[in-house]
């Protein structure tokens, strides 16, 4: 907790802006602003009320027309890209069906409860781990999982305040493709999920050759494959690489160009190949994760996410369509992070 976050509004040009929160680890997402003729479109809100308000204030100081946000596009339904909708609830909010589903399944109130429980379990220290081990021995594993998960969740999310944040889902749903106008500026939305989440979408400004990817792109950080299939994500990146784009605003991390898209595509291709090799060799998921180094990505943030990514790929290879246990995945990431420290 208490991480030093560098928050910056970047003027890309011609009424297009990006807002970054670097280095862009857990919860510290990017957003965007598109303006023309006094009209405004906001690409994503942030993880809680305070940082979303800070972003809006920064935008309004730099761009007077941002005093009123006409339209919001949520690139997907993870909270760090849409919980702040509560502050722009008067705008038309656009998203995919999958975006709405993810937000319904993961409201801010759930995060608040999980963080409260994690703080209680963490405060008990070894006592909680002992109780958890006893319960785990008789098939009641939630306390043990929560105790493990707290080691990752508390430092990752402890700076955010999820209290009193009512869910404000998109009010306009689109499928496939949707063309909008912001003043005279053409803006095109493409639905490319499920991939990272159930309903990933990107925002493209053709005239300015600018692309807002949401979490289809993490720059200099391991992506996290909550949903998959990974083949969809790979296909989406290949499609984006073919577009006429010069500036790419990732969901997390520094601004980039098509280089960032190619990097994450390479990561997913390598991850898929290495996971498949271990799956075909009959390795368990846990053994495959421990055996997989991915050395060429060693300098990237959030290496613990490989735990979730290999789990997702194993489910795909096994034909398992059951929804994963998110608490168990966080606990596994925390254990992996601890063992790698």
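Laboratory data are not the source of any read-out in this text; all were calculated from the coordinates shown. Since the structure is predicted, the reported quantities are computational estimates derived from the model, not experimental observations. Here the Cβ is made from the backbone with ideal geometry for all residues, glycine too, and neighbour counts use every protein chain on show.
Compute the long axis of helix 49-62 from its Cα atoms, compare it with the longest principal axis of the Cα atoms of the chain, and write down the angle in degrees, 0 to 90, nearest 10. Orientation of helix 49-62: about 30 degrees from the principal axis.
Listed peptides 242-248, 147-153 appear in the order 147-153, 242-248 once ranked by packing, highest mean of other Cβ atoms within 10 Å at the front. Angle of helix 142-157 to the longest C-alpha principal axis of the chain, folded into 0 to 90 degrees and rounded to 10: 40°. Test of understanding: in a Gaussian network model of the chain with alpha carbons linked when under 10 Å, which of 70, 257, 280 would top the mean-square fluctuation ranking? Maximum fluctuation in the GNM of the chain, among the listed residues, is at 280. Inter-part distance, segment 68-115 to segment 1-49, computed on C-alpha centroids, equals 15 Å. By the count of neighbouring beta-carbon atoms within 10 Å, fewest first, 204, 83 end up ordered 204, 83.
Between the entries (1) 21; (2) 35; (3) 42, the label attached to percent of Cα pairs over 35 Å apart calculated for this structure is (1).
Computed over the chain, relative contact order equals 17 percent, with contacts defined as Cα pairs under 8 Å that lie 6+ residues apart.
Calculated [222 nm] ellipticity per residue, helices only, for the chain: -13000 deg cm²/dmol; basis is -39500 (n - 2.57) per DSSP H run with n ≥ 4, divided by all residues, nearest 500.
Largest GNM mean-square fluctuation across 107, 250, 64, computed for the chain with C-alpha springs under 10 Å, falls on 64. Packing order of peptides 84-90, 322-328, highest average first: 84-90, 322-328 (average count of other Cβ atoms within 10 Å over each peptide's residues).
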